[in-house]
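Heads up: the structure comes next, in C-alpha cells.
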Amino acid sequence: MRAHVASYDLVQPGSLREVLTLLAREPGVYRPLAGGTDVMVVYAGGKLAHTKFVDVHGLRELRGIVVTDDAVTLGALTTYTDVQAEPTLGREFPMMGQAASETGGWAIQNRGTLGGNIANASPAADSPPALLAYDASVELTSTRGARWVSYATYHTGYKTTVRAEDELVTRVRIPRIAPGAQGSRVHMFRKVGPRKAQAISKVSFAACVDVDGTRITSARVALGGVAPVVLRVVATEGALVGADVTTLDVAAIGATLSREVTPIDDIRSTARYRRRVAENLFVELTRKLKAHVGLGSQAR
Amino acid sequence: MVAPHVDVSNDEHAELLACRSLVTLRINGRETKLTIAPWTTLLDLLREHLDLTGTKKGCDNGQCGACTVLVDGTRINACLTLAVTKDGSEVTTIEGLSAGDQLHPVQKAFIERDAFQCGYCTPGQICSIVGLLREGRAKTTRDVRELMSGNICRCGAYANIVAAIEDVLTEASHTPDGEREP
Ligand SMILES: Cc1cc2nc3c(=O)[nH]c(=O)nc-3n(C[C@H](O)[C@H](O)[C@H](O)COP(=O)(O)OP(=O)(O)OC[C@H]3O[C@@H](n4cnc5c(N)ncnc54)[C@H](O)[C@@H]3O)c2cc1C
Ligand code: FES
Ligand code: FES
C-alpha cells in the first residue's frame, strides 16, 4: 500500500550548522534525507515508519573529494558516479570504482551517496566491503563536535551502528599507502548477485593484500551478505599475514573463513549458497595471489 | 511500527494541512508554481497535478527508469525525487522535447529504428538518452549498453534502442557541432 503523502514532513535548512542544530534540539525526531535512494523505496512501499526528515542533499559542506599525501577524503554526499570519476581512487583504490560501477544503474549511481550507503547500514551493501578492505574511517559530526571512527568498528549489529541520532556522517577517509612502502598490492572485488546490473548482492567480497616478494605482509578481507553486518574476517586475515603465497594452505584457511561467516536464508539467497560462494571467492583470491607473485618474479 | 495511512484525527489533520510547501519549477519552458505536500514526488507532481502523463510510472522505486526526466539537463528518476528538493529547476519531460511538429533527433531515430513495442518504457528511454548524450561519456556500444542500464524494457526492444542511440551518436559526430567535442 502506498504511503499517505500528507503525513510526511521535510525541512530544508540551508547549512550544515542549521541541520546539526535541528538534530541536536530533538534527537531522533528528524532523520537525514540524502539521495533518497534507500528512503524513497521504503516510502513508496508504504513502509516508512519515520515521518520527519531533514534534507541534507543540498549541503555544500558534505560534497567533494580531497586528495592529500596521506589520504583520500570523500564528502558524505559523494555519489557512485563521483567515485568512478576520481583518478586517484581509480589508481590506488580500484575496488571503490568497481563497487560503485556495480551499484544500481545510472540513476542510482548519479544520486545515491556513500554517506547514505554507510548510514543505511545494510549488510548487503556493496561499497562497505571495499571500505573495510581499505581500512577507511568515518567522520561523525554533531553540535558536540566531530569524531573519526574506524569503519571496522562502526557497525555494531544488524542495521545498528555507533552513530548517535544527532550525528551526521560527514566524511569518509581512505588512508593512502605511505610513500616508499615495500612490495605490491593485490585488490580483488566481486559482487555476486542474480544478474549484473540493478540487483542487490547475495554475497560481496573485497580483499586488499600486500605482498613483499612472496610473503604476505598485510591482508584485509571483507564480505557483505554473510553476517548481520558487513564483516572483516579477522581470523582469516591473521592466517594470511606472514604466510608465503607459494605454500598457502588454502583448504585450512578457507575452513577458517567458513567458520567466521554466519550467513542466513532470506529472500535473496540461502545460507548454504552464500557460505559456498564465500569459500569459492576466497579460493579465487588465493589463485590471484599466486598469479601475482608468479608474474611479479618474472618481471623482476 | 507501521507507516501512517489515510486515517488521521482532526487535530492531526489541521497540522498536516499546515505542512505544505510552495514549489516553483520551469517545466518544458513554462514557469509553474504549485503548493504541494513536501513528500510529493516529481513524478506524481507531473502526472497527477499537471496531467503530464507522458512520463510513466513503472515500479515507483528506482528500478525501471520509466519515469526518467531531465532536471537542469541531467537525467533523473522522477519517482525517487521529491519535487520540493528541485525548487527553481528546469524540468524537461517527453512532452517538451519536440519543437512543435519538429521531433527531437532521438525521437526521430526511435521511429526510424522501430525502437519500441508497447511503448511504455519509451518516454523514459528517450529522456535518458538525451541525458546520456549530454554527459558525453558514451563512445562505444558497450558504453551505451552500460550507461543505459537502469532503463528497463520489458518488451525487450533493446537491440533497436541501441541502434537508435548509435544513429544519433554517429549523426552528432558528423555535424560541425559534434566535431568540436573531444
Ligand atoms: C534500484 C536500486 C538499486 C540499488 N542498488 C544498490 C546496490 O547495488 N548496492 C548497494 O549497496 N545499494 C544499492 N541501492 C541502495 C542505495 O542506492 C544506496 O544504499 C545509497 O548509497 C543510499 O544513499 P542515499 O543518499 O540515496 O540514501 P538515503 O536514502 O537518502 O538515506 C539512507 C539512510 O541513511 C541516512 N542518511 C543519509 N545520509 C546521511 C548522513 N550524511 N548522515 C547520517 N545519516 C544519513 C538516512 O536517514 C537513511 O536512513 C539501490 C537502491 C535502488 C533504489
Ligand atoms: S517508476 Fe521510477 S524508476 Fe520505475
Ligand atoms: S517497448 Fe514495451 S517496455 Fe519497452
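Mind listing just one residue for me: the one in segment B:28-70 that is acidic (Asp, Glu) and either under 16 Å from B:Leu82 (Cβ atoms) or assigned to a helix (DSSP H, G or I) (or both) and, of those, nearest to ligand 3 (Cβ to nearest atom)?
B:Asp60
List, please: which pairs have Cβ atoms under 6 Å, are six or more places apart or on different chains, and start with a residue in segment A:2-16 that is under 12 Å from B:Thr85 (Cα atoms) and end with one that is modelled with pLDDT of 90 or more and of a type in the set (Phe, Trp, Tyr)?
A:Leu10/A:Phe53
With the requirement that a residue be over 15 Å from B:Arg47 (Cβ atoms) and more than 7 Å from chain A (Cβ to nearest Cβ), what does segment B:76-94 give you?
B:Lys86, B:Asp87, B:Gly88, B:Ser89, B:Glu90, B:Thr92
If I ask for residues that are away from chain A (no Cβ under 14 Å) and assigned to a helix (DSSP H, G or I), which ones from segment B:150-160 would you list?
B:Ala159, B:Asn160
Which condition number does A:Ala85 fail, the rest of (1) within 13 Å of chain B (Cβ to nearest Cβ); (2) open to solvent by less than 40 Å² (accessible area, probe 1.4 Å) being met?
(2)
Which residues, counting only those in segment B:110-122, are away from ligand 1 (no atom under 16 Å from the Cβ) and surrounded by 24 or more Cβ atoms within 10 Å (Cβ to Cβ)?
B:Phe110, B:Ala115
Look through segment A:49-68, keep the residues that are within 21 Å of the chain's Cα centre (by Cα) and closer than 22 Å to B:Arg20 by Cβ, and return whichever of them is nearest to the other protein chains (Cβ to nearest Cβ).
The extreme case among them is A:His57.
Please determine whether any residue of segment A:18-38 is of a type in the set (S, T, N, Q), more than 8 Å from chain B (Cβ to nearest Cβ) and touching a residue at least 40 places away in the same chain (Cβ under 8 Å).
Yes, that holds for at least one residue.
Yes/no per residue for (1) open to solvent by less than 10 Å² (accessible area, probe 1.4 Å); (2) within 15 Å of ligand 1 (Cβ to nearest atom):
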residue	(1), (2)
B:Lys33	no, no
B:Pro38	yes, yes
B:Leu46	yes, no
B:Leu52	no, no
B:Lys57	no, yes
B:Ala66	yes, yes
B:Gly88	no, no
B:Val91	yes, no
B:Ile94	no, no
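Restricting to segment A:215-228, name every residue that is within 13 Å of A:Ile264 (Cβ to Cβ) and either open to solvent by 30 Å² or more (accessible area, probe 1.4 Å) or of a type in the set (Asp, Glu) (or both).
Across segment A:215-228, the qualifying residue is only A:Pro228.
Based on what the data block shows, is B:Ala83 within 16 Å of ligand 2 (Cβ to nearest atom) and not charged (D, E, K, R)?
Taking the combined requirement at face value, the residue satisfies it.
Which one is surrounded by the fewest Cβ atoms within 10 Å (Cβ to Cβ), of the residues in segment A:26-41 that are charged (D, E, K, R) and modelled with pLDDT of 95 or more?
A:Arg31
Within segment B:123-138, how many residues are within 14 Å of chain A (Cβ to nearest Cβ), away from ligand 1 (no atom under 16 Å from the Cβ) and closer than 25 Å to B:Thr41 by Cα?
The qualifying residues number 8.
For A:Ala107, only one of the following conditions fails: (1) within 14 Å of another protein chain (Cβ to nearest Cβ); (2) open to solvent by 40 Å² or more (accessible area, probe 1.4 Å). What is its number?
In the conditions (1) within 14 Å of another protein chain (Cβ to nearest Cβ); (2) open to solvent by 40 Å² or more (accessible area, probe 1.4 Å), A:Ala107 misses (2) alone.
Kindly indicate the residue of segment A:232-268 that is touching a residue at least 40 places away in the same chain (Cβ under 8 Å) and either hydrophobic (A, V, I, L, M, F, W, C) or in contact with a Pro (Cβ under 7 Å, 6 or more places away or on another chain) (or both) and also surrounded by the fewest Cβ atoms within 10 Å (Cβ to Cβ) among those meeting that condition.
If we take residues in segment A:232-268 being touching a residue at least 40 places away in the same chain (Cβ under 8 Å) and either hydrophobic (A, V, I, L, M, F, W, C) or in contact with a Pro (Cβ under 7 Å, 6 or more places away or on another chain) (or both), then A:Leu248 is surrounded by the fewest Cβ atoms within 10 Å (Cβ to Cβ).
Against the conditions (1) away from every other protein chain (no Cβ under 14 Å); (2) at pLDDT below 95; (3) open to solvent by 20 Å² or more (accessible area, probe 1.4 Å), where does B:Gly178 fall short? Just the number, please.
(3)
Go through the residues of segment B:133-145 one by one and say whether even a single one is buried (at least 22 other Cβ atoms within 10 Å of the Cβ), of a type outside the set (D, E, K, R) and in contact with a helix residue (DSSP H, G or I) (Cβ under 6 Å, 6 or more places away or on another chain).
No, every residue in segment B:133-145 fails to be buried (at least 22 other Cβ atoms within 10 Å of the Cβ), of a type outside the set (D, E, K, R) and in contact with a helix residue (DSSP H, G or I) (Cβ under 6 Å, 6 or more places away or on another chain).
Would a scan of segment A:192-200 turn up a residue that is basic (Lys, Arg) and either surrounded by 15 or more Cβ atoms within 10 Å (Cβ to Cβ) or modelled with pLDDT of 95 or more (or both)?
No.
The values are calculated or read from the model by the stated rules, or taken from the named source; none is laboratory data. Fair warning: this is a prediction, and the values are worked out from it, not measured in the lab. Backbone-built Cβ (ideal geometry, glycine too); neighbour counts: all protein chains shown. Only protein heavy atoms, including side chains, enter the accessible area calculation; ligands, DNA and RNA are left aside. Shrake-Rupley method; radii C 1.70, N 1.55, O 1.52, S 1.80 Å.
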